[in-house]
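Below you'll find the structure, written out as structure tokens, and then a few comments.
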Amino acid sequence: MSVSCRPSVTKYPLNLLMVSSEAVPYAKTGGLADVAGALPLELAKLGHDVILLLPRYRCLSESGRSFRPVCRLQVPTPQGPVDTLIEEDVISVGSGGRHVRVWTVRNEAFFDRPGLYGDRGADYQDNLDRFAFFCRATIEVIAYQHIVNHWKTHLLHLHDWQSALCAVYLKTIGQGRPEVQDVRTVLTLHNVGYQGVFPGAQFEKTGLPQSLFTPAGLEYYGSVNLLKGGIVFADYVTTVSPTYAREILTPEFGFGLEGVLRNRADHLLGILNGIDIDRWNPETDPYLPANYSVTDRSGKLVCKQALQQEFHFPETSIPLLGVIARLTSQKGLDLVAAIIPQLMALDLQLVILGTGEPELEATFQSLQARYPHRMGLHLGFDEGLAHRIEGGADVFVMPSRYEPCGLSQLYSLRYGTVPVVRKTGGLADTVVPLTVHAQQAGQATGFHVEEDTASALLSVLSRTVAVYQDRLMWEQLVEAGMSMDVSWARSANAYDRLFVSLVR
Ligand code: ADP
């Protein structure tokens, strides 16, 4: 799974086309938007010429950005060619005159809708048509750039099932077209739990020959599986942490694609995500009542006291635990709910911010009513409170059942809030557990929960609370976490090495 270092004779910088179904600040439903919003800028800082391609959803008109027309393309579809407007926004990168071009694919019928993938809890029925169209448009953008602007796409970086078909098109129906040949493809998997699965009868909507609807191609037990197609046809597959890259080869984490992924194991790499270190910076964070840094952490105590006031807790020095998450079973918060009575018997306070499964929300509500002076609950999405919890809590609890990368624990590290995480995926890779050896080396940054059980979580949290009393050891954990490099620059260097090794 290793990638060789940059070869001495190679094309550099590269022309990169990044294809994503969401990206900040344009459209967001999850972590993919953060990656697709940040990574192009970092790659541009390294000198690459990057175009980010997005569907022109309705929310782009509300993003505060403006777009100018670039060209009209004839996009082939099973119903015939569709005249399609490509528009452009330009984002400046740094002060050196670098920029990233953001191109959008306009199709009112497909994308001028309230949601990205669905509305009021239901997926759009025509998602296969919508994203097949988006991927066909991508191939036409590659051709246009080659023919009209002599801009040869060296590498196409695809994300999740929504853009996976691009790899299939390039390697199949694109093979007869010199202007789109020899484009390398990398598919990044942000969560293998979402695969773009559609009824087999809809396969013709892809516009691909029926010969590809086989177990060796896009068929998965009679259904069309777009992510599978991408995994089979991409030159390289990446995911967002080294541990998740290994986990998805097993039935527990592969969601049925473990066999397909095992076939590509020698072309599979885990690259950790970074975070936006400007937006998540305790030294400047405007949401915090006081700012602080690794060398002067006095402001963190002010943040803790303010958080205690906000939740009407007594202002004591007992440890304050924080949770911020979608309330879903993936995040393991049912395990937290199960041990609240025992946790409340320990000397601690707990604040939970989240929204999600109604049952879990109701459970937390009734628990909060039982322990109003020790447990705080905010059901809903609140960006400011998320920052205040990261700033004010002593411990961040993240017992996910699986976690491709995870962002919240990275914010916690940066905010000196010691993470207690399940030993899975990106959580295992980013939090160094407190062992004698790690402590002596000054590398420990948090705690791992080995098993997916309430008792394992309780036992690690009990230990965490005990270690909290050892102020010297605790401050070492905080300092090591705050000193970690969790920036996008680190991730971009890893993508850069991979891309360059593929384009020769
Ligand atoms: P995932 O993308 O699986 O939800 P991550 O840890 O990668 O998990 O990212 C979650 C992001 O969403 C973090 O930035 C976290 O602060 C934020 N978040 C989750 N729930 C809430 C909420 N209820 N209010 C505010 N921010 C939230």
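Checking Gln365 against (1) at pLDDT 95 or above; (2) open to solvent by 20 Å² or more (accessible area, probe 1.4 Å); (3) within 25 Å of Arg463 (Cβ to Cβ): exactly one of these is not met. Which one?
(3)
Would you confirm, using the coordinates I've provided, whether Thr243 is hydroxyl-bearing (Ser, Thr, Tyr) and in a loop (DSSP other than H, G, I, E, B)? Break it down into steps so the answer makes sense when it comes.
On the way: hydroxyl-bearing (Ser, Thr, Tyr): yes; in a loop (DSSP other than H, G, I, E, B): no.
No, not satisfied.
Of all residues in region 31-56, which are open to solvent by 10 Å² or more (accessible area, probe 1.4 Å) and within 16 Å of the ligand (Cβ to nearest atom)?
Listed by number, the residues that qualify are Gly31, Leu32, Asp34, Gly37, Ala38.
Here is a list: Ile318, Ile340, Ile389. Which entry is in the same structural domain as Leu410 (by TED's automatic domain parsing), within 16 Å of the ligand (Cβ to nearest atom) and not aromatic (Phe, Trp, Tyr)? Spell out the reasoning first.
Values: Ile318 fails: within 16 Å of the ligand (Cβ to nearest atom); Ile340 fails: within 16 Å of the ligand (Cβ to nearest atom).
Result of the check over Ile318, Ile340, Ile389: Ile389.
Which residue is farthest from Glu247 (Cα to Cα), if the candidates are limited to region 188-217 and must be within 16 Å of the ligand (Cβ to nearest atom) and of a type in the set (A, V, I, L, M)?
Within region 188-217, the match that is farthest from Glu247 (Cα to Cα) is Leu189.
Could you run through region 263-307 and say how many residues are small (Gly, Ala, Ser), part of a loop (DSSP other than H, G, I, E, B) and more than 21 Å from Leu427 (Cα to Cα)? Walk me through it before giving the result.
Going through region 263-307, the residues small (Gly, Ala, Ser) turn out to be 265, 270, 274, 290, 293, 298-299, 306.
Checking which are part of a loop (DSSP other than H, G, I, E, B) leaves us with 274, 290, 293.
This time we only want the ones that are more than 21 Å from Leu427 (Cα to Cα), so: 290, 293.
Number satisfying all stated conditions: 2.
Being at pLDDT below 95, under 22 Å from the mean Cα position of the chain (by Cα) and either over 18 Å from Asp160 (Cβ atoms) or outside the structural domain of Thr185 (by TED's automatic domain parsing) (or both), is that true of even one residue in region 100-117?
No, because not a single residue in region 100-117 is at pLDDT below 95, under 22 Å from the mean Cα position of the chain (by Cα) and either over 18 Å from Asp160 (Cβ atoms) or outside the structural domain of Thr185 (by TED's automatic domain parsing) (or both).
Looking at (1) within 25 Å of Ser293 (Cβ to Cβ); (2) open to solvent by less than 10 Å² (accessible area, probe 1.4 Å), can you tell me which one Cys405 breaks?
Here Cys405 meets the rest and fails (1).
Which of the residues belonging to region 368-389 are aliphatic (A, V, I, L, M) and open to solvent by 50 Å² or more (accessible area, probe 1.4 Å)? Walk me through how you get there before you give the answer.
Filtering region 368-389 for residues aliphatic (A, V, I, L, M) gives 369, 375, 377, 379, 385-386, 389.
Residues satisfying the conditions are Ala369, Leu379.
If His157 satisfies all but one of (1) touching a helix residue (DSSP H, G or I) at 6+ places or on another chain (Cβ under 7 Å); (2) open to solvent by less than 50 Å² (accessible area, probe 1.4 Å); (3) under 17 Å from Arg264 (Cβ atoms), what's the number of the condition it fails?
(1)
Considering only region 363-381, I want to know if a residue exists there that is of a type in the set (Lys, Arg), touching a Ser or Thr at 6+ places or on another chain (Cβ under 6 Å) and assigned by TED's automatic domain parsing to the domain that holds Ala456.
Step one: list which residues in region 363-381 are of a type in the set (Lys, Arg), which gives 370, 374.
Narrowing the set further to residues that are touching a Ser or Thr at 6+ places or on another chain (Cβ under 6 Å) leaves none.
No; the residues of region 363-381 include none that is of a type in the set (Lys, Arg), touching a Ser or Thr at 6+ places or on another chain (Cβ under 6 Å) and assigned by TED's automatic domain parsing to the domain that holds Ala456.
I need the full set of residues from region 369-386 which are touching a residue at least 60 places away in the same chain (Cβ under 8 Å) and more than 8 Å from the ligand (Cβ to nearest atom), in order please.
The answer is Pro372, His373, Arg374, Gly376, Gly384.
When the residues of region 17-35 are narrowed to those that are of a type in the set (A, V, I, L, M) and in contact (Cβ under 8 Å) with a residue 60 or more places away in the chain, which ends up nearest to Ile142 (Cα to Cα)?
Taking region 17-35 and keeping what is of a type in the set (A, V, I, L, M), we get 17-19, 23-24, 27, 32-33, 35.
Next, only the ones that are in contact (Cβ under 8 Å) with a residue 60 or more places away in the chain stay: 17-19, 23, 27, 32, 35.
Numbers: Leu17: 8, Met18: 11, Val19: 11, Ala23: 20, Ala27: 23, Leu32: 23, Val35: 22 Å.
Here the residue is Leu17.
Mind listing whichever residues of region 432-454 are touching a residue at least 24 places away in the same chain (Cβ under 8 Å), part of a helix (DSSP H, G or I) and either open to solvent by 40 Å² or more (accessible area, probe 1.4 Å) or under 22 Å from Glu283 (Cα atoms) (or both)?
Gln439, the sole residue that qualifies.
The values are calculated or read from the model by the stated rules, or taken from the named source; none is laboratory data. These numbers were taken from a predicted model, which means no experiment stands behind them. Quick reminder, even Gly has a Cβ in these numbers, built from the backbone with ideal geometry, and neighbours come from all protein chains shown. For the accessible areas, the whole protein counts, side chains as well, though only heavy atoms, and no ligand, DNA or RNA atoms are used. Shrake-Rupley method; radii C 1.70, N 1.55, O 1.52, S 1.80 Å.
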